[in-house]
Amino acid sequence: MKRSRIDELIMRQEGLPVLDREALERVQLEKLNALLKRERERGGFYAALPERLDALGQLRELPFTTDEQLAEHGGAMLLCSQSEVERVLSDATSGTTGRAKRVFYTRGDCEHTVQLFAAGLGEFVFPGSVTMICMPFSGPFGLGELICEAIERLGARPLRLGTGLSYAELAGVLERERPDSYVGMAVPLLSMLRVCGRGSLRRALVSGDACPETVTAECEKILGSRLFPHYGSREMGLGGAICCEAHEGMHLRENHVIAEIIGEDGDVLPRGGYGELVITTIGMEAQPLIRYRTGDYTRILPDPCPCGSEVIRLDALRRKGEAGDMAQLDGRMFALPGLVDFVACCDGGGISVRALHDGSLTVEELRSVCPELIRAELRKAAPEDRAMYRGKRRIENTAQAYPINASKHKLW
């Protein structure tokens, strides 16, 4: 088995002849101290922190950074001039209350992300490959654009599809373009496979949302190959951890991100302990964060990776609160082979769903896997239907109609 391509990437970026724990931790401490020095010299948000640490273990003595602080003080966290900022991402939506988080990237930050994407995609995308990119496209240095750049560097051809195509349009792409690989979120992949069939697809990278074991297993059964899950967030530059041939966790880009797992009391857990992921982004040029609480829950896998890499691996991640509940619900619901997609809402003391299916599903079958179901509306999926969530899946807080589909076709 080949070592994870992340080893070669980190060695090239850091000029290392070999990559082991000692080398990784030396790089991390050097970069952390360089960051603390920059903060002190520029009077940045973290200027009051020590200018230097003697050991990585001392990082746990520093205070956490929260979502609220990032929203309130994001500008003060900027360590470069505005002229060097190539991209700004905000989590502002029509329902946002208070200040939205704004995350800044330099061209160098974006380049590091492209290199990481190329390392992860290079595990299964080869010269001449054709890859469906079913991720958001938002202009220069957006997520979809960076993925396309990485695929082109591998000598492959990206199909810039985005997240809004109907099943008929996706079926047309499969027939005309004959793609062999897919990059996108897991549930839309499974929905497409169940409606359109596998076609020429053989391999897939899933990211951007939770991927329950049931959804993973169903996708892999149809594709006939293992999925490559990746993890990233805006705060770590969109790309954070990639899957290798072993398919046992995701290797973190440790030369750019220091990871800690904390328990409910805020104490750092040993490897194998399950808790909240905290990141220190020592490789970000524009807006590095120190001990940022991500709200994602996972663990650092304790055993060595079968591929031989000593770069740490994150286990599957979930969001706390409703998103985690949605992942559990997805895991149960998509065990039903006739289910194509569904939207879930809290409805009093239970769950209300609207579901698309292949024509064989019944309310009784839904209730068999979802005992808290109190109302369900089912309809057979039509060619003009599309993914019922355009982004991350979540259980809505009310039973009001959810804006499911941009199609003119009336759903219910």
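Couple of notes before you dig in:
- Applying the criterion of being open to solvent by 10 Å² or more (accessible area, probe 1.4 Å) and not in a loop (DSSP other than H, G, I, E, B) to the residues of region 328-344, the residue that is nearest to M192 (Cα to Cα) is G331.
- Qualifying residue in region 85-92 (condition: outside any helix (DSSP H, G or I), charged (D, E, K, R), open to solvent by less than 60 Å² (accessible area, probe 1.4 Å) and farther than 10 Å from F104 by Cβ): yes
- Of all residues in region 345-359, those satisfying the criterion of being open to solvent by less than 20 Å² (accessible area, probe 1.4 Å) and small (G, A, S) are G350, S352, A355.
- Here D91 clears all of (1) charged (D, E, K, R); (2) over 18 Å from the mean Cα position of the chain (by Cα); (3) modelled with pLDDT under 95 except the condition numbered (2).
Results for (1) free of Cβ contacts under 8 Å to residues at least 24 places away in the same chain; (2) out of contact with any helix residue (DSSP H, G or I) (no Cβ under 7 Å at 6 or more places or on another chain); (3) closer than 21 Å to C219 by Cα; (4) not in a helix (DSSP H, G or I), shown as yes or no for each residue.
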| residue | (1), (2), (3), (4) |
| --- | --- |
| G108 | no, yes, no, no |
| H112 | no, yes, no, no |
| A119 | no, no, no, no |
| E123 | no, no, yes, yes |
| I133 | no, no, yes, yes |
| L146 | no, no, no, no |
| G155 | no, yes, no, yes |
| A168 | no, yes, yes, no |
| E175 | no, yes, yes, no |
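- Screening Y297 against (1) in contact with a Lys or Arg (Cβ under 7 Å, 6 or more places away or on another chain); (2) open to solvent by 40 Å² or more (accessible area, probe 1.4 Å) leaves a single unmet condition, (2).
- Considering residues of region 15-30 that are out of contact with any Asp or Glu (no Cβ under 9 Å at 6 or more places or on another chain) and either among the aliphatic types (A, V, I, L, M) or surrounded by 17 or more Cβ atoms within 10 Å (Cβ to Cβ) (or both) only, the residue modelled with the lowest pLDDT: V18
- Check on T362, open to solvent by 20 Å² or more (accessible area, probe 1.4 Å), at pLDDT 80 or above, over 25 Å from the mean Cα position of the chain (by Cα) and polar (S, T, N, Q): yes
- Those residues of region 345-382 which are among the basic types (K, R) and either in a loop (DSSP other than H, G, I, E, B) or free of Cβ contacts under 8 Å to residues at least 40 places away in the same chain (or both), in sequence order: R367, R375, R379, K380
- Qualifying residues in region 40-66 (those that are out of contact with any helix residue (DSSP H, G or I) (no Cβ under 8 Å at 6 or more places or on another chain), within 14 Å of Q287 (Cα to Cα) and modelled with pLDDT under 95) - the one most open to solvent (accessible area, probe 1.4 Å): R42
- Boolean, L35 is of a type outside the set (G, A, S), under 21 Å from H112 (Cβ atoms) and out of contact with any Pro (no Cβ under 7 Å at 6 or more places or on another chain): no
- Condition check for G75: surrounded by fewer than 13 Cβ atoms within 10 Å (Cβ to Cβ), at pLDDT 95 or above and not in a strand (DSSP E or B): no
- Restricting region 1-50 to residues that are touching a residue at least 24 places away in the same chain (Cβ under 8 Å) and β-branched (V, I, T) leaves a set whose member that is nearest to M250 (Cα to Cα) is I6.
- Selection of region 188-236 for residues being in a helix (DSSP H, G or I), open to solvent by 10 Å² or more (accessible area, probe 1.4 Å) and in contact (Cβ under 8 Å) with a residue 24 or more places away in the chain yields P188, R194, V195, C196, E213, T214, T216, E218, I222, R234, E235.
- Matching entry among V206, V215, V195 (being over 24 Å from R313 (Cβ atoms) and either at pLDDT 95 or above or hydrophobic (A, V, I, L, M, F, W, C) (or both)): V195
- I10 in a helix (DSSP H, G or I), surrounded by 14 or more Cβ atoms within 10 Å (Cβ to Cβ) and in contact with a helix residue (DSSP H, G or I) (Cβ under 7 Å, 6 or more places away or on another chain): no
The values are calculated or read from the model by the stated rules, or taken from the named source; none is laboratory data. Source: prediction; values computed, not measured. So basically every Cβ, Gly included, is an ideal-geometry build from the backbone, and we count neighbours across all protein chains shown. Calculation scope for accessible area: heavy atoms of the full protein, side chains included, ligands and nucleic acids excluded. Shrake-Rupley method; radii C 1.70, N 1.55, O 1.52, S 1.80 Å.
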